[in-house]
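Enquirer: A single structure is presented below for examination.
The values are calculated or read from the model by the stated rules, or taken from the named source; none is laboratory data. What you are looking at is a predicted structure, and each value in this text was computed from that prediction instead of being measured. Note that each Cβ is placed from the backbone with ideal geometry, even for glycine, and that neighbours are counted across all protein chains shown. Heads up: the accessible areas ignore ligands, DNA and RNA and are worked out on the full protein's heavy atoms, side chains in. Shrake-Rupley method; radii C 1.70, N 1.55, O 1.52, S 1.80 Å.
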Amino acid sequence: LNTMKQILSISFILLCFGFAQAQIGEVKIVGNQAKIYDEDAKFTYHSISMSSNAELADYNSKYIVVVDGNQAKIYDSKGSFTYKSINLCNNCTIRKVTNTAILVKEGNMVKYYDFEGKYTYKYTSN
């Protein structure tokens, strides 16, 4: 009986961990929604409502970056706004979202930001 309780407890923990670790496989724009799919190509039933001037910049397995005006807004894998963003200059663009950074093209430099929206003081230049 004790062993059965342990097995059930471990199974429950693994099940919860699996759901918590659902990773972004793809983000598709459908109308004004950015729909989030997992790595098994299944719709997660999570999406981001996009304003008319917002654009999907890029995403990784955990975060989605949407440019809305002069802000790069950071969303989590469930489509929830993290209340973190990067203020972009007029000619700045999101180059890429890697596993560890958001790369912002600014003039002849590509600056690296973290997922808190903070500049990491890492960059490359032409």
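Enquirer: How far, in nm, would the chain grow between residue 120 and residue 23 when pulled straight, counting 0.36 nm per residue and subtracting the alpha carbon separation?
Expert: Value of the extension gain: 32.5 nm.
Enquirer: So, one more: Please report, in cubic angstrom per residue, the volume enclosed by the convex hull of the alpha-carbon atoms of the range 12-126. Intermediate values should be presented prior to the final figure.
Expert: Values: hull volume 12.9 nm³, N = 115.
Expressed per residue, the convex hull around the Cα atoms of the range 12-126 is 112 Å³.
Enquirer: Which net charge results for the neighbourhood of residue 123, defined as the other residues with beta-carbon distances under 10 angstrom from its beta-carbon, given Lys and Arg at +1 and Asp and Glu at -1? Can you show the working numbers first?
Expert: Values: positive: 111, 122; negative: 106.
So the environment of residue 123 carries a net charge of +1.
Enquirer: Solvent-accessible area of residue 42, probe 1.4 Å, all protein chains present, reported in Å² to the nearest ten, please.
Expert: 120 Å²
Enquirer: OK, next. What net charge do the residues around residue 92 carry, taking every other residue with its C-beta under 15 Å from that of residue 92, with Lys and Arg at +1 and Asp and Glu at -1? Kindly include the intermediate steps, with their values, before the conclusion.
Expert: Details: positive: 73, 95, 96, 105, 111; negative: 55, 58, 68, 106.
Net charge around residue 92: +1.
Enquirer: Given points 7 Å out from each Cα along the Cα-Cβ axis, report the residue 76 to residue 37 separation in nanometres with one decimal.
Expert: 2.4 nm
Enquirer: Summing Lys, Arg as +1 and Asp, Glu as -1, what charge do residues with Cβ under 10 Å from the Cβ of residue 24 carry, residue 24 excluded? Provide the component values of the computation, followed by the final result.
Expert: Numbers: positive: 62, 78; negative: 26, 38, 39, 76.
Net of charged neighbours comes to -2.
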